[in-house]
Amino acid sequence: MSPLRRSCLFAAAAAALLAGCNALPPADLEPPRLAFSDFRVEELGLSEIRFVLAVDTENPNDVEIPLRNIDFALELLGRPFAEGSMLDRAVTLPALGARTIPVQFTVPTARLLELLRSLRSAEPAQWSYRLSGSATWGWSGFPLRFDRRGDLAVLRELGRLLEAPAPR
C-alpha cells in the first residue's frame, strides 16, 4: 500500500471516529425549553381542521441539538387532542440559541366541537395544554423525550367568546 493511500485511509478513519463522538448526546445535556408563540387554524373543513402550532425552542446547551423523527401528542383540557409528527423530519437547534418549529396536525371537526363544549363547563384554571413526545438525536436513533405543560392563551380567548351573549 502506498504511503499516500495509507495517509488517506488514516484520515478517513480519524474523521469517522470524530464523527462518531458526536453521534450521541452529551451526558449532561439539558432538555430544550418549549413554549408556544402561535396556534392558528390553517384550513377549516367539514370533517377535519388543520392547525399550525408554532413551538418556540430554546437550547440551553453549548452544543447544537440535531433532531430527527419528531413525534408529539397534544392534550388540551387534560384530554388527548392531536398526535402527529413534523413534516420536516430533521431540525437542528442552535447551541445556546432559539428556533421556532412549525408543527402541522389535523383534528377531526367533531373532536374540536367536543373541546368547545368542554370549555363552557371547565374552570379557567383547567384551560391547559400538555405537549409531549420524542425525537431522535441525529442519525443515532438515541431517543430524546420532551414534556411541556402550561396555559394556552387561545383557550382563554375561546372561553371568553363562548361566554359572550349571542348577537340579536
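Listing for the model above:
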read-out	value
Hits in the range 70-97 (condition: in a strand (DSSP E or B) and open to solvent by 60 Å² or more (accessible area, probe 1.4 Å))	Asp71, Arg79, Pro80, Glu83
Of the criteria (1) in contact with a helix residue (DSSP H, G or I) (Cβ under 8 Å, 6 or more places away or on another chain); (2) at pLDDT below 80, which one Leu77 fails	(2)
The range 98-119, subset at pLDDT below 85 and in a strand (DSSP E or B), residue most open to solvent (accessible area, probe 1.4 Å)	Pro102
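The values are calculated or read from the model by the stated rules, or taken from the named source; none is laboratory data. This is a predicted model, so every value here is computed, not measured. Glycine also receives a Cβ, built like all others from the backbone with ideal geometry; neighbour counts cover every protein chain displayed. Each accessible area value is taken on the protein alone, full model and side chains, heavy atoms only, with ligands, DNA and RNA left out. Shrake-Rupley method; radii C 1.70, N 1.55, O 1.52, S 1.80 Å.
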